[in-house]
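The values are calculated or read from the model by the stated rules, or taken from the named source; none is laboratory data. These numbers come from a predicted model, not from an experiment. Counting neighbours? That spans all protein chains shown, and the Cβs are built from the backbone with ideal geometry, glycine included. Just so you know, the surface numbers come from the protein's heavy atoms only, side chains and all, with ligands and any DNA or RNA stripped out. Shrake-Rupley method; radii C 1.70, N 1.55, O 1.52, S 1.80 Å.
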Amino acid sequence: MFRALNIAHPKCTPFGCHFHLACASASAESNKEFSQKLVDGPQFEDFLKNEVKEYKGKLKLDVGESGRLRLPPWLKTEIPMGESYSKIKAQLRQLRLSTVCEEARCPNIGECWGGGSHGTATATIMLMGDTCTRGCRFCSVKTARKPPPLDAEEPVNTASAIADWGLDYIVLTSVDRDDLEDGGASHIAATVKEIKNRSNILVECLVPDFRGNEDCVATIVNSNLDVFAHNIETVERLTPFVRDMRARYRQSLAVLKAAKKFNSNLITKSSIMLGLGETDQEVEQTLQDLRNIGVDAVTLGQYMQPTKRHLKVIEYVTPEKFKMWENMGNELGFLYTASGPLVRSSYKAGEYFLTNILKQRKKQQIDDHATS
């Protein structure tokens, strides 16, 4: 997948889960102007505001209950399908790129692709095709034991397109490819290198677990990416029921820990879905487990059942509870915690925030080098 971040206006307040495709004029702005936009622009908290009236409907299924919960008001969003939506869809089809927005049936697709009130169109692209070798019970992406071969031209084509769009921050992700010896690590790394050869874009990779193979993790880390992301998805007790049997809780922790081992300065990131039957104590333990291995950033969002064949929503978590988890994440020392009903692992508010952090770090490195 790929996702990009670009700030179209210093006062915009984007909300959604995926990749900014900004206007061409943004590429002409100087680094100084962009930095000033970050200083003058909205603060991270501005992205997470929730103003929802009290809801008295049922929010949690009882043990053994077979029905389905009604969607609460804070999860009901308009789906604008205007000119921007059509334009992005046409561009993606032309590039033969698969989108997580479509394949995973993301609830924010209208807001992201249509641009919403902030006018910034977004989309998410998966690398390595639209077919996964795993069958997680929360995900609607197609599955097969042996998906089609990789497109050898994808790294160059993807990098060329991103460079032409004049972006500032992108996220690359992919399906799982257990049929490949390295799980597709070299393909992802090649894409990152092609991007870095063409621009100074900040790159985040949301990667599979590569069956716990640390050599594959090293391949990604050594590609010169800026943020290494891998999703823990749910609490340890529910992992065997929610994720594919090859995806293990401790294995995911080991992957994130290995990334830090290979580059201690690399920002690492993970994500948790809520509403699958987890307890508060289990969520707190998961946050603590992630922080104990040095994960820097975490997102928490509401699980949404993509089809009737997938796991049911056990609970709709309130905005107030998500705010509680945001506060706990901050107390635990995460670099940032994005927590809200419609927050997803690739979240524009977080990418905006991380862009500022990464640029500040690079500026500091330059200043330190100049004075040494």
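Modelled this way, with points 7 Å down the Cα-to-C-beta line, the labels at residue 145 and residue 356 are 5.1 nm from one another.
Annotation: amide H-H contacts under 5 Å for residue 235 (H modelled 1.01 Å from N, sequence separation of 5 or more, or interchain): none. For the range 209-351, with all protein chains in place and a probe radius of 1.4 Å, 48% of the accessible heavy-atom surface sits on carbon or sulfur.
Think of a 1.4 Å ball rolled over the protein heavy atoms: the range 210-268 then has 42 Å² of accessible area per residue.
Each peptide among 209-219, 322-332 gets the average number of other Cβ atoms lying within 10 Å of its residues, and from highest to lowest they stand as 209-219, 322-332. For the peptides 354-361, 147-154, 57-64, residues were scored by their other Cβ atoms within 10 Å and the scores averaged per peptide; the highest-first order is 354-361, 147-154, 57-64.
Once the Cα-Cα distance is subtracted from the 0.36 nm per residue extended length, the residue 307 to residue 137 segment shows a gain of 60.2 nm. Taken about its Cα centre, the range 187-279 carries a charge dipole of about 160 debye when Lys and Arg each add +1 at the Cβ and Asp and Glu each add -1 at the Cβ.
For the range 210-250, the square roots of the Cα gyration tensor eigenvalues, ordered a ≥ b ≥ c, give a/c of at least 1.5 with a/b greater than b/c, which places it in the prolate category.
Listed values for the range 172-189 are Karplus-derived 3J(HN,Hα) couplings in whole Hz (6.51 cos²θ - 1.76 cosθ + 1.60, θ = phi - 60°), namely 9, 9, 7, 6, 6, 10, 5, 6, 9, 4, 9, x, x, 4, 5, 5, 5, 4, and x replaces Gly and Pro.
Is the range 259-317 best put as rounded, prolate or oblate by its Cα gyration tensor, with a ≥ b ≥ c the root eigenvalues, rounded for a/c under 1.5, and otherwise prolate when a/b is larger than b/c, oblate when not? Prolate is the answer for the range 259-317, as a/c is 1.5 or above and a/b outweighs b/c.
Close amide H pairs (under 5 Å, H built 1.01 Å from N) link residue 127 with 173, 174, 175, residues at least 5 positions away or on another chain. When each of the peptides 226-233, 260-267 is scored by the mean number of other C-beta atoms lying within 10 Å of its residues, the order from highest to lowest reads 226-233, 260-267.
A prolate overall shape is assigned to the range 215-310, the ratio a/c of its alpha-carbon gyration tensor axes (a ≥ b ≥ c) being 1.5 or greater and a/b exceeding b/c.
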